[in-house]
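To start, the structure itself, in structure tokens.
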Number of protein chains: 2
Amino acid sequence: MESSVGLRERKKEATRQAVHEATLRLTVEHGFDHVTVEAVADAAGISRRTFSNYFTGKEDALLHGEEQQIRDLVRTVRDRPAEETAWAALRAAMTQFAERVAPPEREWALRTRLAMQHPSLLARQLANHAALERDLAEAVASRRSPSQKSVRPLVLAAAFLSSLRIAMRMWIEEDLAREPAEVIDEILDEMACRFD
Amino acid sequence: MESSVGLRERKKEATRQAVHEATLRLTVEHGFDHVTVEAVADAAGISRRTFSNYFTGKEDALLHGEEQQIRDLVRTVRDRPAEETAWAALRAAMTQFAERVAPPEREWALRTRLAMQHPSLLARQLANHAALERDLAEAVASRRSPSQKSVRPLVLAAAFLSSLRIAMRMWIEEDLAREPAEVIDEILDEMACRFD
DNA sequence: AGAATAATTGCGCAGTGGGCAATATTGCTC
DNA sequence: GAGCAATATTGCCCACTGCGCAATTATTCT
């Protein structure tokens, strides 16, 4: 059994992904609050009850994609060469990130993020960000000498994620006119100050 | 009728405040998710249905206080003398803010913010912050020459509110050992870099 | 194969948000 | 003051939600 992860796990993950995608599809199609959990479950081929076993609500299901992306981002930061500055590592990871976001999903992103005007979604999204901010701060902290002030990583992570958020918002509001990487760079430069 | 604001408005505001306080009281008493809207409405002397006319949910009602505080903060920033730097104005406003928060509500804050561990509350809180970030950015923008880059206020506001958030979290996690103003200053210094 | 473990499902229930229409309250004009 | 328009409150109702519980089904292990 060379499968590092059992069939059970893989199937579960596949289902989770399917539910996520069903939520996404139905949302761009009908609008977030005209989609019932039942409809999503139906589209994903599971029962309403099972939906609750995977996600606590529609919001989580819809944002699952983004959460994965940011989780990847954190992992990337953690794996950057140790000699890099923290801020440099963050920027590098971000570049990698922007590349993977850009190519396929332009209008996809458009409608998705537009649906994200919804208060309930915005809230959940920011809560995710906050949770991952901790992880990001840890990843940053693990690459500095322990003599450094312990608040530095927290501040760095927060500044960085705020930049990301602002850049995304601007990108959307400019109707995806520019390359994501360009917008992100602009914001990061503005935020950068003395972090490098 | 010298009342700049009619009796109607004032009464409405009083009710809103009453509902907010009832929510707060019941929450510290029984825990957030053991409090029903009905109980709150009851305690505030209104019907369950009327509660919905004031707030969209328990979270909003509970966070109404904080929202007011930040709204005040924004107003204060707007009213700072025009010759001040943006960042200086923010710091000054913050000092004023911290003073008003500190004196009465120490354990109050403790239990309140502790209740804010609740995911649903955290989410709504952050959404509020995001909404007010726009206003704050505007307030900042209105005090600079229009030649400046337009993203600067956005970044400033975000950095500032992130600092506030981090400081609050640290303050809580240190069990209110230090003065709020002290913690806030520490974080702001760390974030400050070149903003002044 | 058969037992152990874990996932899916149906059922039920208390709670919720909000539309709608009836009712009560407030503000304004005479 | 009285009468009227504007606005706030309430009750009723219903679709939707999250979750506990127990039965059923699928998977993994020995």
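The values are calculated or read from the model by the stated rules, or taken from the named source; none is laboratory data. All of these numbers come straight from a predicted model, not from anything done at the bench. Every residue, glycine as well, gets a Cβ built from its backbone with ideal geometry; the counts of neighbours run over all protein chains shown. Accessible surface areas use protein heavy atoms only, side chains included; no ligands, DNA or RNA. Shrake-Rupley method; radii C 1.70, N 1.55, O 1.52, S 1.80 Å.
The test for being at pLDDT below 90 and either surrounded by 15 or more Cβ atoms within 10 Å (Cβ to Cβ) or not assigned by TED's automatic domain parsing to the domain that holds residue A:69 (or both) does not hold for residue A:123. Counting only helices (runs of 4 or more DSSP H) that sit completely within region A:1-86, those holding 3 or more residues that are within 13 Å of DNA strand C (Cβ to nearest atom) correspond to A:7-30, A:37-44, A:48-54. Against the list (1) touching a residue at least 60 places away in the same chain (Cβ under 8 Å); (2) outside the structural domain of residue A:186 (by TED's automatic domain parsing), the condition residue A:90 fails is (2).
With respect to the conditions (1) under 26 Å from residue B:56 (Cα atoms); (2) free of Cβ contacts under 8 Å to residues at least 60 places away in the same chain; (3) within 16 Å of DNA strand C (Cβ to nearest atom); (4) hydrophobic (A, V, I, L, M, F, W, C), residue A:121 lacks only one, and its number is (2).
Of all residues in region A:39-51, those that are within 27 Å of residue A:109 (Cβ to Cβ) and among the charged types (D, E, K, R) total 1. From the list A:139, A:167, the lone residue that is closer than 16 Å to residue A:189 by Cβ and either part of a helix (DSSP H, G or I) or touching a His at 6+ places or on another chain (Cβ under 6 Å) (or both) is A:167. Consider region A:28-44 and keep the residues that are open to solvent by 30 Å² or more (accessible area, probe 1.4 Å) and touching a residue at least 40 places away in the same chain (Cβ under 8 Å). The one that is nearest to residue A:97 (Cα to Cα) is A:28. Looking at region B:95-115, can you tell me whether even one residue there is within 16 Å of DNA strand D (Cβ to nearest atom) and either surrounded by 19 or more Cβ atoms within 10 Å (Cβ to Cβ) or closer than 15 Å to residue A:123 by Cβ (or both)? No, region B:95-115 contains no residue that is within 16 Å of DNA strand D (Cβ to nearest atom) and either surrounded by 19 or more Cβ atoms within 10 Å (Cβ to Cβ) or closer than 15 Å to residue A:123 by Cβ (or both).
Per-residue answers, yes or no, for (1) farther than 16 Å from residue B:159 by Cβ; (2) more than 7 Å from chain B (Cβ to nearest Cβ); (3) open to solvent by 30 Å² or more (accessible area, probe 1.4 Å); (4) modelled with pLDDT of 95 or more:
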residue: A:132; (1), (2), (3), (4): yes, yes, no, no
residue: A:139; (1), (2), (3), (4): yes, yes, no, no
residue: A:144; (1), (2), (3), (4): yes, yes, yes, no
residue: A:158; (1), (2), (3), (4): no, no, no, yes
residue: A:165; (1), (2), (3), (4): no, yes, yes, no
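Consider region A:115-130 and keep the residues that are aliphatic (A, V, I, L, M) and more than 8 Å from chain B (Cβ to nearest Cβ). The one that is farthest from the chain's Cα centre (by Cα) is A:115.
Here region B:45-60 is the region considered, the condition is being buried (at least 17 other Cβ atoms within 10 Å of the Cβ), under 26 Å from residue B:129 (Cβ atoms) and within 14 Å of DNA strand D (Cβ to nearest atom), and the residue that is farthest from the chain's Cα centre (by Cα) is B:51. Looking only at region B:171-187, count every residue that is surrounded by 16 or more Cβ atoms within 10 Å (Cβ to Cβ) and either among the small types (Gly, Ala, Ser) or on the phi > 0 side of the Ramachandran plot (or both) and tell me the total. Residues in region B:171-187 being surrounded by 16 or more Cβ atoms within 10 Å (Cβ to Cβ) and either among the small types (Gly, Ala, Ser) or on the phi > 0 side of the Ramachandran plot (or both): 2 in total. Residue pairs whose Cβ atoms lie under 7 Å apart, separated by 6 or more positions or on different chains, with the first residue in region B:45-61 and within 14 Å of chain A (Cβ to nearest Cβ) and the second away from DNA strand D (no atom under 12 Å from the Cβ) and open to solvent by 40 Å² or more (accessible area, probe 1.4 Å), are B:59/B:124; B:60/B:124. Pull up region B:8-27, narrow it to residues that are open to solvent by 40 Å² or more (accessible area, probe 1.4 Å) and away from DNA strand D (no atom under 11 Å from the Cβ), then point me to the one that is nearest to residue B:110 (Cα to Cα). If we take residues in region B:8-27 being open to solvent by 40 Å² or more (accessible area, probe 1.4 Å) and away from DNA strand D (no atom under 11 Å from the Cβ), then B:25 is nearest to residue B:110 (Cα to Cα).
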